[in-house]
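**Q** The structure follows.
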Amino acid sequence: MRKASREMDSAWALEVMRKAPYITVSFTRRDGSAYGVPLSLACTDDRTWYFHCAPEGDKLDAIAAHPEVCLSAVTKCQPTVGPKDGSFTLQYRSAIAFGRAWLVDDDAEKTVALRAICQRFLPGHMDAFDAAVERSLHRTAVVRITLTAPPTGKRKQYDSQGEEMKYGRME
């Protein structure tokens with residue numbers, strides 16, 4: 001990381017990932033070209049993340065060829081004018097993680113993953129979950145990403161006095 005003064009610890013980075021409305025997952029296609037797409041991921045623990053998709057397509061083809069992926073999440077992204085010098089800048093919280101992706105073929109694990117995704121994004125509609133899974137489990141692919149190292153976090157944020165909060169200083 002070029003600006004170590006903005007680095008945050010892995011627990012902080014995990015929280016960014018858990019709060020991000022989506023996480024961009026970057027894949028490598030069979031031909032070596034890059035492919036990144038924002039996805040709605042949910043985790044069941046600090047290392048295990050899931051997303052769902054169609055049972056065929058670019059993501060699954062890329063995973064079959066190169067299971068290594070990169071996850072990137074950003075929250076609190078806000079263009080701003082620097083409070084001290086008037087420069088145009090951006091306040092943000094970001095996290096990056098690396099992992100390996102696998103297609104889940106066990107229906108029980110697929111259901112656990114889909115429950116985590118639904119609980120994260122539609123917690124008020126869990127009463128419809130069982131019927132939805134019964135209708136569509138057979139036509140839904142689920143991918144598990146296991147992080148190969150703790151994520152890293154970075155932020156640029158100003159306090160109420162206009163000072164940049166560096167070295168992991170919290171609000």
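**Q** Please work out the FRET efficiency for the pair Glu109 and Met165, using the Cβ-Cβ distance as r and a Förster radius of 41 Å; give the result to the nearest 0.05.
**A** In this case the efficiency is close to 0.55.
**Q** Oh, and also: Packing-wise, with mean Cβ within 10 Å as the measure, how do 25-37, 81-93, 134-146 rank, highest first? Working shown, then result.
**A** On the way: 25-37: 13.9, 81-93: 12.4, 134-146: 15.5.
Per-residue mean Cβ counts within 10 Å order the peptides as 134-146, 25-37, 81-93.
**Q** Which value in Å does the Kirkwood hydrodynamic radius of segment 66-171 take, with 1/r averaged over all unlike C-alpha pairs and then inverted?
**A** 17.2 Å
**Q** Give me the extension gain from Thr24 to His138: residue separation times 0.36 nm, minus the current Cα-Cα distance, reported in nm with one decimal.
**A** Numbers: separation 114, 0.36 × 114 = 41.04 nm, distance 2.56 nm.
Length gained between Thr24 and His138: 38.5 nm.
**Q** For Asp31 and Asp9, FRET efficiency with R0 = 45 Å and r from the beta-carbon atoms, rounded to 0.05? All intermediate terms of the calculation are to be shown ahead of the outcome.
**A** Numbers: r = 37 Å, r/R0 = 0.83.
That pair, Asp9 with Asp31, gives E of 0.75.
**Q** Okay, next question. Compute the FRET efficiency between Cys77 and Ala149 as 1/(1 + (r/R0)^6), taking r as their Cβ-Cβ distance and R0 = 30 Å, and round to the nearest 0.05. Please list the in-between numbers first.
**A** Working: r = 24 Å, r/R0 = 0.81.
That gives a FRET efficiency of 0.80.
**Q** Reachable aspartates and glutamates from Lys19, Cα under 13 Å, same-chain residues fewer than 8 places away excluded?
**A** The qualifying aspartates and glutamates are none; the list is empty.
**Q** Spin-label point model (7 Å from Cα, Cβ direction): what's the Ala131 to Asp45 distance in nm?
**A** The two pseudo-label positions are separated by 3.4 nm.
**Q** For the cross-link pairs Lys76/Lys110; Lys76/Lys166; Lys76/Lys154; Lys84/Lys156; Lys110/Lys154, which exceed 22 Å when the distance is taken from alpha carbon to alpha carbon?
**A** In this structure, Lys76/Lys110; Lys110/Lys154 lie more than 22 Å apart at Cα.
**Q** Next question, about the same structure. Note down the magnitude of the dipole of the chain about its Cα centre, charges +1 on Lys and Arg C-beta and -1 on Asp and Glu C-beta and zero elsewhere, to the nearest 20 debye.
**A** Dipole of the chain, to the nearest 20 debye: 620 debye.
**Q** Another question about this same structure. Tell me which aspartates and glutamates have Cα within less than 14 Å of Lys59's Cα, excluding those fewer than 8 residues away on the same chain?
**A** Lys59 reaches Asp31, Glu68.
**Q** Let me ask something else about it. At a 10 Å Cβ-Cβ cut-off, how would you order His66, His52, His125, fewest neighbours first?
**A** Fewest-to-most Cβ neighbours within 10 Å comes out as His125, His66, His52.
**Q** Let me ask something additional. Could you work out the helix-only [θ] at 222 nm for the chain, with each DSSP H run of four or more residues adding -39,500 (n - 2.57) and the total divided by the number of residues, to the nearest 500 deg cm²/dmol?
**A** Value at 222 nm, helices only, nearest 500: -7000 deg cm²/dmol.
**Q** On to the next question. Compute the relative contact order of segment 4-155 as a whole-number percentage, counting only Cα pairs closer than 8 Å that sit 6 or more residues apart in sequence.
**A** On the way: 294 pairs, mean separation 50.7, N = 152.
Reported relative contact order: 33 percent.
Taken together, the values in this text are just the output of simple stated rules run on the coordinates, not laboratory data. Owing to the predicted nature of the structure, the values given are computational and were not obtained by experimental measurement. Cβ atoms come from the backbone with ideal geometry, glycine included; neighbour counts cover every protein chain shown.
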